[in-house]
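Notes follow the structure.
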Amino acid sequence: MNEFRADLHCHTSCSDGTLTPTEIVHLAKKIGLSGLSITDHDTVEAYQTAVPVSKEVGIDLLTGVEFSTMFNGVSIHLLGYGFDVNHPELLEFCRKHRLRREGRNRDILKLLTKHGMPLTEADLEEMVANHLIQNSKNSVGRPHIALAMIKKGYVKSVKEAFQKYIGDGLPCYANGPSFTSEETIEVIHRAKGIAVIAHPHLIQNYQILTPLMELNFDGIECYYGKFYPKDHERWLKIAMKRDWLVTGGSDFHGDIKPDLPLGSSWVDQERFQAIKYKCESIRKAN
Ligand code: AMP
Ligand code: ZN
Ligand code: FE
Ligand code: FE
């Protein structure tokens, strides 16, 4: 029998991934995953199709989302799992994120234009139309802006766009008003989900780690992307000390990030069941 593996972090074309929800569920099955969570940025739209498709092909699908948040002035990604995808407050929160992204993307386009790289909203819309399922509920992000920059010949790769211009804190980066980590955790909890720190490996501001860990989290993403087992130990120790759930996933985005294949990080059956058990107990308690 195949070993049980559940990849709990991936993005579809409902945000900045390149595969549709249907394609990603089929790929998960093809590569032998037993469980999956789709964690698009600030949207749960993928679940409209991913739920029936995963039932059809026999993939154990856990609801998920990756929210962009701010904590003490630092951008932090939080994962939510096991919530009700139709929860009105959660859907309203996703709608607010969509508006936030629209304003922030306009600001980034203005900054790029100011720096001699003119890009219009029509240029971005064209790029989005090529990559997103046409739906007003989807999340447009910096990777789409990076692709539009490549098309114009301003940069050669998505990586270069981030490293030189649109990465956090760089000259063409804009964030706009955002939601705090604290309020995001509360929304996830009210939608009957669990709140998890995403990829702590990538947090470069070490000073905020200690206060961040004091927030009301239920888990931490210990296994991530292509990091080595020794890189996971530090986070596993924290999870054990705090009695937090351990999650893990690849952060697969399709062709846009070819170095992170689906299934490159995952949790085993025991960890997956522990997460599902906790989510079920939250649902029953409400
Ligand atoms: P946004 O949601 O618009 O803030 O964009 C964030 C997303 O951009 C991340 O989740 C990644 O998918 C991608 N990203 C962030 N930093 C980089 C980078 N240095 N190179 C390539 N992609 C990146
Ligand atoms: Zn992304
Ligand atoms: Fe992230
Ligand atoms: Fe991600």
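The values are calculated or read from the model by the stated rules, or taken from the named source; none is laboratory data. This is a predicted model, so every value here is computed, not measured. Cβ coordinates were reconstructed from backbone atoms using ideal geometry, including for glycine residues, and neighbour counts include every protein chain displayed. SASA here: full protein model, heavy atoms, side chains in, ligands and nucleic acids out. Shrake-Rupley method; radii C 1.70, N 1.55, O 1.52, S 1.80 Å.
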How much of the accessible area of the range 195-286, probe 1.4 Å, is carbon plus sulfur, in whole percent?
51 percent
Heavy atoms of residue 106: accessible area, 1.4 Å probe, square angstrom to 10
100 Å²
Roughly how many Å² of residue 235 are accessible to a 1.4 Å probe, to the nearest 10?
10 Å²
Electrostatic dipole magnitude of the range 194-237 [Cβ: Lys, Arg +1; Asp, Glu -1; Cα centre; debye, to 20]
180 debye
Point-charge dipole on Cβ atoms (K/R +1, D/E -1) for the range 168-286, about Cα centre, debye to 20
380 debye
Taking Cα atoms of the chain, Rg/Rh with Kirkwood Rh, to two decimals?
0.95
If one compares the long axis through the Cα atoms of helix 229-242 with the longest principal axis of the Cα atoms of the chain, the angle in degrees, nearest 10, works out at 60 degrees
Round to the nearest 10 and give me the degree value, 0 to 90, for the angle of helix 142-152's Cα axis relative to the longest principal axis of the chain.
40 degrees
Sulfur and carbon atoms: percent of accessible area, the range 1-158 [1.4 Å]
53 percent
Hey, got the Cα dimensions of the range 119-161 along the principal axes, in Å, largest first?
29, 18, 13
For residue 122 and residue 106 in one chain, what is 0.36 nm times their gap in residues minus the Cα-Cα distance, to one decimal in nm?
4.7 nm
Say the cut-off is 21 Å between C-alpha atoms; which of 29/159; 114/164; 257/278; 55/96; 159/257 go over it?
29/159; 257/278; 55/96
Answer rounded, prolate or oblate for the range 202-247, using the Cα gyration tensor with square roots of eigenvalues a ≥ b ≥ c: rounded when a/c is under 1.5, else prolate when a/b is larger than b/c, else oblate.
oblate
Can you tell me the convex hull volume per residue for the range 80-200, based on C-alpha atoms, in Å³ to the nearest whole number?
120 Å³
Efficiency of FRET between residue 206 and residue 55 - r from beta-carbon atoms, R0 41 angstrom, step 0.05
0.45
If one compares the long axis through the Cα atoms of helix 21-30 with the longest principal axis of the Cα atoms of the chain, the angle in degrees, nearest 10, works out at 50 degrees
Residue (of 217, 238, 262) at the positive-pole extreme of the range 137-286, dipole from beta-carbon charges:
262
Could you tell me the center-to-center distance, by alpha carbons, between the range 166-236 and the range 44-76 in angstrom?
16 Å
In the range 175-262, which trypsin sites (Lys or Arg not before Pro) fall in coil by DSSP and have 16 or fewer other Cβ atoms within 10 Å?
226
What dipole magnitude, in Debye to the nearest 20, does the chain give about its Cα centre under +1 on Lys/Arg Cβ and -1 on Asp/Glu Cβ?
340 debye
Would you compute, from DSSP H runs of 4+ residues alone, the mean residue ellipticity of the chain at 222 nm, taking -39500 (n - 2.57) per run and dividing by the full residue count, rounded to the nearest 500?
-13500 deg cm²/dmol
Please work out the FRET efficiency for the pair residue 98 and residue 164, using the Cβ-Cβ distance as r and a Förster radius of 22 Å; give the result to the nearest 0.05.
0.20
Expressed as cubic angstrom per residue, what is the convex hull volume of the alpha carbon set of the range 1-116?
133 Å³
Between residue 190 and residue 281, Cβ-based FRET efficiency (R0 25 Å, step 0.05) works out to 0.95
Could you report the chain's accessible area per residue, 1.4 Å probe, as an integer in Å²?
47 Å²
